[in-house]
Amino acid sequence: MSTQPSMRPSAQQPSSTPLSATRERRAAARAFVRGPLPILAACLLWGSTGTAASFAPQGANSAAVGCAGLVFGGLLLFVTTRGCMALVRAASGRDRLALLVGAAAVAAYPLTFYPAVSRTGVAVATVVALGSAPVFAGLVERAPFGMRRRLATAAAVAGCALLVVGQESGGVRADALGAGLALVAGLAYAVYASVGARMITRGHAARPALAVMFAVAAAAVAPLVVAEGWWLADVRGAAVALHLAVLTTCVAYTLFGLGLRHTTAVVATSLTLAEPAAAAVLAVVVLGEQLTAISWAGLAVVGAALGVMSRG
């Protein structure tokens, strides 16, 4: 009789273990849908920016093309977002300063990324910019890097290097200035992603915080668009600006804000390593850019690093 009580727990363990594992899988799936999935969806849209910009009329200023998307998309994001002015009124002095820093970073991104695209090509510029963003985000956030994240980050950087080397061997215009501009764009992205994450942790809603940053940045770069915006009168130019404004700015950053509520800035910028892969594939399929075997190997390494880093 004394053995029966001890037998009951052991008999119940096989049935409770699968239930616990099922709950864990469901919780992991919910966490993925709430955080990484919207960010990855945004990355697919962002991956089309360089390709779309390449269809602008010949002679259009590359920075003005990118800034046009920011001006129209930032204003669209602002007017379709509730609570923007309430956020500004309720924000502390420190929060307002953070929003200004974030806005400056938002404005810096198109001023550096699109000229980098014109000098190095879509694939190289996107991979360098977004491949460097997780590294910059870790520095900005001062986040502790475990061994797995360090190895994944090193792999991502190595993958970016392979892609650039492969493109140069394939005759693509890859120069030091273009790569430097892409790195500045990666830093800018990391800064405003970090500011957005910090505003969320301080109790502010994600979308209004991003909308305010983008509206201020839009106002800052609007003079360039006015001065260099002759190409907007062309049907093709207007279509490019519409694509950049609606899909890659308003919709994409709405998705990004949703995902940022449930991830850290470091993880979010790590997930954007999906964008270079999408951009490189679009450059090959739509623009006919050629990727060498070395470049494809670099993309594979970036993809593997993304799989590791998306786990947090």
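The values are calculated or read from the model by the stated rules, or taken from the named source; none is laboratory data. The model shown is predicted, which means the values in this text are computed figures rather than measured ones. Cβ atoms come from the backbone with ideal geometry, glycine included; neighbour counts cover every protein chain shown. Surface areas here come from the heavy atoms of the whole protein model, side chains and all, with no ligands, DNA or RNA. Shrake-Rupley method; radii C 1.70, N 1.55, O 1.52, S 1.80 Å.
General observations
- Nearest-ten-degree value, helix 147-169 long axis tilted from longest Cα axis of the chain: 30
- Ranked by the mean number of other Cβ atoms within 10 Å of their residues, highest first, the peptides 204-211, 234-241 come out as 204-211, 234-241.
- The chain - percent of accessible surface contributed by carbon and sulfur, probe 1.4 Å: 67
- Coarse-grained scattering of region 29-70 at q = 0.27, 0.33 Å⁻¹, given as base-10 log I(q)/I(0) from a Debye sum over alpha-carbon atoms: -0.89, -1.08
- Once the Cα atoms are used to define both axes, helix 235-245 deviates from the longest principal axis of the chain by about 30 degrees.
- Between the helical axis of 293-309 and the longest alpha-carbon principal axis of the chain there is an angle of about 50 degrees.
- Relative protection proxy for 69-81, 183-195, 32-44, from highest mean packing down: 183-195, 69-81, 32-44 (other beta-carbon atoms within 10 angstrom).
- Other residues lying with their Cβ under 11 Å from the Cβ of Arg202 contribute a combined charge of +1, Lys and Arg counting +1, Asp and Glu -1.
- Label of the coordinate-derived value, semi-axes √(5λ) of the Cα gyration tensor in Å, listed as (i) 43, 23, 14; (ii) 38, 26, 16; (iii) 29, 24, 17: (ii)
- Relative packing of peptides 109-120, 219-230, 247-258 - highest average C-beta neighbours within 10 Å first: 109-120, 247-258, 219-230
- Calculated [222 nm] ellipticity per residue, helices only, for the chain: -26500 deg cm²/dmol; basis is -39500 (n - 2.57) per DSSP H run with n ≥ 4, divided by all residues, nearest 500.
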